[in-house]
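Here the structure comes first, spelled out in structure tokens, and everything after it is commentary.
The values are calculated or read from the model by the stated rules, or taken from the named source; none is laboratory data. If you're wondering where the values come from, they're calculated on a predicted model, not measured in any experiment. Note that each Cβ is placed from the backbone with ideal geometry, even for glycine, and that neighbours are counted across all protein chains shown.
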Amino acid sequence: MSERSEAEVRAEVREWLEAHWDPDRPLVEWRNMLADTGWGVPHWPREWFGLGLPVPLSQAVDEEFAKQGAVGVAKAGIRHLAAATLLEHGDDFHKERFLRRILTGEDTWCQLFSEPGSGSDLAGATTRADFDGQQWVVNGQKVWTTSAHHAQYGLLLARTDWDVPKHQGLTYFVLDMEQPGVEVHQLRQMNGHASFNQVFFTDARIPPEYQVSETGNGWRVAMTTLAHERRGADGLRAHAFASERVGRIYEEEAREIATIMEPYKWYPQRAGRVDLVLPRARETSRLDDPVVRQEVAKLLTLVKSAEWTARRARAAQEQGRPQGPEGSLGKLAASHVARAAARVHTLISGADAMLSGDDGPLDGLIAEILVSVPATSIAGGTDEIQRNIIAERVLGMPKEPRMDTGPFRDVPRNVGSS
């Protein structure tokens, strides 16, 4: 299959869809068919629900699905990060247990990384997992966890060794979110949404087979998760939109999207809503102002350069190259674009930009943009973290001095104790 031409692959998927696509099928039944045949994720390995196709041919398959109006496998939300991480680091048990249900959409996921006392220092995690001879026992707290309130599973980074340097004492787990000992509380944001949660663990249990990779290798596994998250930051490609077509499968997909994408509905606002800038500038005649016109031009230039950076990342992915610094470059570019867009929206709307609700421009949407944009510089690794990565891995600059290279037990920290 991987040696076939694009035309041959397109012809084969069209023939298969003509024979099997039925919009009145149950959604899960259809997605199980996609997993069985490999057409749902054709770039995945053959042994794990794929066809081993190169990514460009996989994109051709997606285009044929779109032409037919056929629904694909579930990709929205954190589940795509879980799948990418387990494909790279999971063993056969993890892939057999979790990947199919990720593709069918039967399981939802969250990412249990950030902690209230660690800030941007992911390696400073103090949520602990202790092995009692039979299972891992987890105690601690995570925060800013999107979708934890309806997730079945979480990607958990926890400390398993306090007597080695902090990066070496972390282990990566899959955690059952619906068990006793896991308590989730939603957090209300200043833009009015409640996407994030704080999660408390009190003697939560993890069977040993739910550990991903070796004990102490959690940092490396977490970097895979974050690299995929940052690579998708440019275009929010984890998003999904319901179809207006008629049929059972579309109705079931729409209900799924309404639930899974609810926490993400403000993400276009946090990205700055560049799409609104020119229409707003024209409607308000602010393009006649040379200062506004210059700032709009600068913003659109930033957007185009960020788009090219994103294309570089996708090209690297298509060529099968490992995750590189392009994700950090794209993530930092997205932050610059969002902040520049907020400035331009403010120039266009003036003091009215601060008005929310019916009194504000676009019924308060501009105000929502202004209070949402700061999140872009924080989520998925702060701008400062991305600059460090770029400086060290792209520019070859020396690493900053560290004062936390000894046993983590002896490192001063904000909260918690060993």
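Structural remarks
- E384 of a type in the set (D, E), in a helix (DSSP H, G or I) and either touching a Phe, Trp or Tyr at 6+ places or on another chain (Cβ under 8 Å) or not assigned by TED's automatic domain parsing to the domain that holds E307 (or both): yes
- Restricting attention to region 191-213, the residues that are at pLDDT 95 or above and assigned to a strand (DSSP E or B) total 12.
- Hits in region 33-47 (condition: on the phi < 0 side of the Ramachandran plot and either crowded, with 19+ Cβ neighbours inside 10 Å or small (G, A, S) (or both)): L34, A35, W39, G40, V41, P42, H43, W44
- If only residues of region 87-112 that are assigned to a helix (DSSP H, G or I), hydrophobic (A, V, I, L, M, F, W, C) and touching a Lys or Arg at 6+ places or on another chain (Cβ under 8 Å) are counted, the one that is farthest from A254 (Cα to Cα) is L87.
- Neighbours by Cβ (under 7 Å, 6+ apart or cross-chain): first from region 292-312, under 16 Å from P279 (Cβ atoms) and outside the structural domain of G327 (by TED's automatic domain parsing); second in a helix (DSSP H, G or I) and modelled with pLDDT of 95 or more: none
- Scanning region 62-82 for residues that are in contact with a Leu (Cβ under 8 Å, 6 or more places away or on another chain) and either in a helix (DSSP H, G or I) or more than 19 Å from E256 (Cα to Cα) (or both) yields E64, F65, Q68, L81, A82.
- Of the numbered criteria (1) at pLDDT 95 or above; (2) among the aliphatic types (A, V, I, L, M); (3) surrounded by fewer than 22 Cβ atoms within 10 Å (Cβ to Cβ), the one A76 fails is (1).
- Matching residues in region 354-378 - criterion: being buried (at least 19 other Cβ atoms within 10 Å of the Cβ) and of a type outside the set (S, T, N, Q): P361, I366, A367, E368, I369, L370, V373, A375
- Residue ID - nearest to Q141 (Cα to Cα), chosen from residues in region 379-414 that are among the small types (G, A, S) and surrounded by fewer than 18 Cβ atoms within 10 Å (Cβ to Cβ): G406
- Considering region 243-291, the residues that are in a helix (DSSP H, G or I) and aromatic (F, W, Y) include one that is modelled with the lowest pLDDT, namely Y264.
- Among the numbered conditions (1) farther than 23 Å from Q134 by Cα; (2) within 22 Å of the chain's Cα centre (by Cα); (3) in contact (Cβ under 8 Å) with a residue 12 or more places away in the chain, the only one that L157 does not meet is (1).
- If you go through region 124-159 and keep only what is of a type in the set (V, I, T) and crowded, with 20+ Cβ neighbours inside 10 Å, you end up with T126, T127, V138, T145.
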